[in-house]
1. Hey, could you check segment 609-625 for residues that are in contact with a Gly (Cβ under 6 Å, 6 or more places away or on another chain) and of a type in the set (A, V, I, L, M, F, W, C) and say which is farthest from Val545 (Cα to Cα)?
2. Out of segment 31-47, which residues are within 25 Å of Glu151 (Cβ to Cβ) and modelled with pLDDT of 75 or more?
3. I'm checking my understanding of the structure. Among residues of segment 626-656 that are in a loop (DSSP other than H, G, I, E, B) and open to solvent by 10 Å² or more (accessible area, probe 1.4 Å), which one is nearest to Arg694 (Cα to Cα)?
4. Please specify each residue of segment 250-269 satisfying the condition of being in a helix (DSSP H, G or I), in contact with a helix residue (DSSP H, G or I) (Cβ under 8 Å, 6 or more places away or on another chain) and either buried (at least 21 other Cβ atoms within 10 Å of the Cβ) or modelled with pLDDT under 80 (or both).
5. If you go through segment 567-608, how many residues are hydrophobic (A, V, I, L, M, F, W, C) and in contact with a Gly (Cβ under 8 Å, 6 or more places away or on another chain)?
6. Do you know which of the residues in segment 103-130 that are in a strand (DSSP E or B) and in contact with a Phe, Trp or Tyr (Cβ under 8 Å, 6 or more places away or on another chain) is modelled with the lowest pLDDT?
7. Considering every residue within segment 519-533, establish whether at least one is assigned to a helix (DSSP H, G or I) and among the hydrophobic types (A, V, I, L, M, F, W, C).
8. From Ala428, Ala439, grab the single residue that is of a type outside the set (D, E, K, R), modelled with pLDDT of 65 or more, touching a helix residue (DSSP H, G or I) at 6+ places or on another chain (Cβ under 7 Å) and buried (at least 17 other Cβ atoms within 10 Å of the Cβ).
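The values are calculated or read from the model by the stated rules, or taken from the named source; none is laboratory data. Quick caveat: nothing in here was measured; it's all calculated off a predicted structure. In this analysis, Cβ positions are derived from the backbone assuming ideal geometry, glycine residues included, and neighbour counts consider all displayed protein chains. To get the accessible areas, we keep the full protein, side chains included, count just its heavy atoms, and leave off ligands, DNA and RNA. Shrake-Rupley method; radii C 1.70, N 1.55, O 1.52, S 1.80 Å.
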Amino acid sequence: MSLSMFLKGQHKRLTMATRRRKPGEVKDIGFRARIDIPISGMSCASCAANIERKLAALGGVLEARVNFASSRAAVDFDPKRVRPADIVDTVRKSGYNVAATEADFAVRGIVCASCVAKVESAVRNMPGVEKAALNLATGILRVRYLPGLVEAGHIRETVVDAGYEIRDIAGSEDASDIEFLLKEKEYKELRTGVVWGGVLALLVFIGGMRHWFPWAPAWLQNFAVLWALATPVQFVLGMRFYKGAFAALRRRSADMNTLIAVGTSAAYFTSAAAVLFPSFFAGAGMKPDVYFDTSAVIIVLVLFGRMLEARAKGRTSQAVRRLIGLQPRMARLLRDGAEIEIPIDEVAAGDIVVVRPGEKIPVDGVILDGESAVDESMITGESLPIDKRPGSEVVGATLNTTGSFNFRAVRVGKDTALARIIGLVREAQGSKAPIQRLADSIASIFVPAVMAVAVVTFAAWLSFGPSPSFNYALLNFVAVLIIACPCALGLATPTAIMVGTGRGAEHGILIRGGEVLEALHGIQTVVFDKTGTLTRGEPEVTDIVPVKEFRADELLFWAASVEKRSEHPLARAVLHKAASKGLEARDPVGFQALGGLGVQGVVDGRTVLAGSLKLLKDNGVHLDSLMENAEKLTGEGRTLIGVSVDKAAVGVLGLADILKDEAVSVVSGLRKDGFSVVMLTGDNRRTAEAVGRRAGIDRVIAEVLPEDKVRAVRDLQDLGEKTAMVGDGINDAPALARADVGIALGSGTDAAIEAADITLIRGDLRSVRAAIALGRRTMRTIRQNLFWAFFYNVLGIPVAAGVLYPFFGILLDPAIAAAAMAFSSVSVVGNSLRLTRARIPGIAG
């Protein structure tokens, strides 16, 4: 089966109600539709949990999943009850932003105000368009839209459908570019803030810690100067925390911004009061002191952590961006006998596309004229270029190497093979593993609990702490608020899923989501279908055994000649073997196919029979000279073709469905990894066991009817074995769906691929071992992340509260708490990024 047929099956699967669709596309599927939107402004896992709750409470929303690491929300909803705009409004009313962008288009054909109104109305009614204004004088249409809900190509289609011509004005960018640019902008803004804020915070720190820096000038030790230096850090650089905290307050919740805002404000305003009213503190028996260094350093360190986190999070989604980068931007079309170059998203199905040597193929299609060799390694993994001629299918983003050709565009835009792969990967990266539910549930109550702990800490130190008790109470209160960061909990699972699924996609392994990765972690038994999965799916001649009076070439010549007109797969195998030996088969006279027993014909005036030994025996051929070899081949699981000429036995051919080149090493590798390997087949037991021995499989389930494969998998599960089923045929689909994890070869049928949890685009068995190893490694990374995130908070909060002080005199400085908080988030993301370099069997690099 071709790659395009596979992806056609994927397209059918994408349109099912509970299956994946291209992110950003609002797709009606009966009562259910889905949108995938980018969200900005989330600071921690509790933000994601809050948005999920708000969306889930919106009437008509069926399911909402918000991924903190990728800053995206996938929402399933009933389009008859709620509009995409309502979903976006809910996100914004929750205190977060759905980033919009503007693009300009040149519209031709408008002649009056009614044309303007018609175009504007059509575009404004599109889901995700916030504003559309068309200037009659200039013909420029300016559209403000949400790149997660609508793309520039959709806007062009709408205007064209309204009866007008339209083209992009240079500078318009697609959603992937916009998201990337927004992330880069966020990173650069954070970097700039950290630089100038860091300079001010360093000066405040030197002045505030004057006992550490006796050489500091006197003016820098002045409280009023420190106040002046700390104020822009607090209210300019720290304004994002106040905005986030007030937004959380409006929705009657609290998040990471709340902790930072409350903690730094406590230190800042207490210090300001000490500057303004020193006599008040002296009258209360307290030495007036300032903590501007604490508030300023905390803000800079927190933003420094966010800067590192933003850069690291950007790297987790590089796989999708690399896939997007494979596609060319422009296409060359043949129209009215002339070649024109247009943006790729303006190519329509049916257009004639021209491809020259060294160019990438823009979209999927079928060659009309010309020949070439195309490098399809980016999708199929095939290292050698594939010869293409008229009638051959070509896949968008693959590389034309030598010749030039014209082809008819068949699948364009979101329907191309690459676009569907990107959609599947993005959907997987936005998914959640069941193990994340624990982290989500904790994150949702984490911030209020931390604030309660901080208040108790303040009261305890104020009441029972040593003098000056207020100073101790304040610093420990701030330390508890600052160190308790739920970000690490929120990043632990999604970052690992993003990196793991992204790395798999780069090597042709499409993993449906986090729940599949978690299921892979528990697999104990790998079940292989035989035909077409472990084997090549076509018989080959493996043994040529003539009787003493004949040579091997003679036996093969007679067999190939009499089989020449047969359409049977065994006949094709015989002819292929003869051709490989340089033998030219003759045309038989009076050819007959003998009811499943074999064939008969006259070759060079002699009567030749080829088929079962029963056929030869029934036609008076003595088999004594064949039996020893026949029994030996049968014991090895071969299918036999006996050959006779003029009722004299010539010899016997042994045929078998040959194992794929990598089958033995893959089975050996899986067993080495600790898995039990089972082969499932409808072949007779003797043949099946022979194939199993060659593959290194000792558990063979043979003589299984297609409808019984599900039962065979269920029986293994009933024995307590978590199973992964690997198959490629229609009759494998139910078993793939029944297994704990279904793995379909991309070279297989649509039905098998639709039923599977993992699709191996390249059809290489080595990817089976790689997929399982990648899943286990990803889950191990998730567990490591969660352990350290929990351990960090379980250990850090009590230390910040001062539990070690009565025993060891140790207190945690709030600035150190801020550094530790930043390190916790960055370390979790960094641990996930180790997956990009981890050694995975079956994956190079």
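1. Residue satisfying both the conditions and the ranking: Leu615.
2. Selection gives Ala33, Arg34, Ile35, Asp36, Ile37, Pro38, Ile39, Ser40, Gly41, Met42.
3. Checked segment 626-656; the qualifying residue nearest to Arg694 (Cα to Cα) is Glu636.
4. Met256, Asn257, Thr258, Leu259, Ile260, Ala261, Gly263, Thr264, Ala266, Ala267, Tyr268 - these are the residues of segment 250-269 that are in a helix (DSSP H, G or I), in contact with a helix residue (DSSP H, G or I) (Cβ under 8 Å, 6 or more places away or on another chain) and either buried (at least 21 other Cβ atoms within 10 Å of the Cβ) or modelled with pLDDT under 80 (or both).
5. The number of residues fulfilling the criteria is 7.
6. Here the residue is Arg108.
7. Yes, there is a match, as at least one residue in segment 519-533 is assigned to a helix (DSSP H, G or I) and among the hydrophobic types (A, V, I, L, M, F, W, C).
8. Matching residue, one of Ala428, Ala439: Ala439.
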